[in-house]
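The values are calculated or read from the model by the stated rules, or taken from the named source; none is laboratory data. It should be emphasised that the depicted structure is a prediction, and the values quoted were computed from it without experimental measurement. We place every Cβ from the backbone using ideal geometry, glycine too, and count neighbours over all the protein chains shown. These accessible areas exclude ligands, DNA and RNA; they are computed on the full protein's heavy atoms, side chains included. Shrake-Rupley method; radii C 1.70, N 1.55, O 1.52, S 1.80 Å.
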Amino acid sequence: MRPDFLFHRVRFEFGHDDLLDFMFNIDAKGETSASPTGSAADPLVYDPWGNIHRWQVFNQHRHPHNGHATDVATGEFVHDALGQVRMLRGFGPQGEDRAIVGLGGPTSFEHDRHGDRVRQQLRTMNGELVRESRQEYSADGSRRLAGHYFDAQGRPASPTGLPPDRADMKPLPAPPC
């Protein structure tokens with residue numbers, strides 16, 4: 001599923017609505033077992049439109065547990081009225097705000113009238129801007145034209161893991177036919 005997701009063998013349980021309700025880490029006998037991080041079950045909660053709204057991490061005894069590489073017991077997507085993700089945030093076992101590993105704090109998203117993600121901001125747990133990306137699309141929203149990346153001061157910056165000169169990521173021209 002993800003390289004940092006340490007459920008190596010899983011059992012899925014679906015609800016009466018055919019949506020995935022639980023994912024369990026299982027051993028060779030099919031019994032629920034703890035992963036190397038102590039996580040054993042992930043229940044999923046959906047909004048009325050079928051979007052994953054919240055995921056949780058439980059230990060073998062079904063108690064909230066900081067698990068996987070996310071280091072949170074609960075992760076939450078906040079959706080707008082169109083079902084688009086507006087924010088991603090995490091919580092600890094007691095409901096305390098917690099940063100998801102690799103993010104440092106909540107992430108917010110903006111979409112255009114076509115549903116394309118046009119802006120993404122990562123903030124610290126104190127609300128300070130860490131970095132931002134903006135995407136440009138064709139007038140009809142069918143094609144991404146460019147991506148721009150900025151540091152906390154609004155200066156061009158490269159996307160995480162890319163060389164500094166890649167702050168403006170324009171698509172390469174199409175190969176000749």
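At 7 Å along the Cα-to-beta-carbon direction for both Tyr137 and His61, put a label point, then send me their distance in nm to one decimal.
4.8 nm
Taking the full set of protein chains and a 1.4 angstrom probe, give the accessible area of Phe12 in square angstrom, rounded to the nearest 10.
So the heavy atoms of Phe12 present about 100 Å² to solvent.
What is the extension gain from Gln94 to Ser158, computed as 0.36 nm multiplied by their sequence separation minus the C-alpha to C-alpha distance, in nm to one decimal?
Values: separation 64, 0.36 × 64 = 23.04 nm, distance 3.61 nm.
Length gained, Gln94 through Ser158: 19.4 nm.
Before anything else, pin down the relative contact order of the stretch 26-81: Cα pairs under 8 Å, at least 6 apart, normalised by residue count, whole percent.
On the way: 95 pairs, mean separation 15.4, N = 56.
Computed over the stretch 26-81, the figure is 27 percent.
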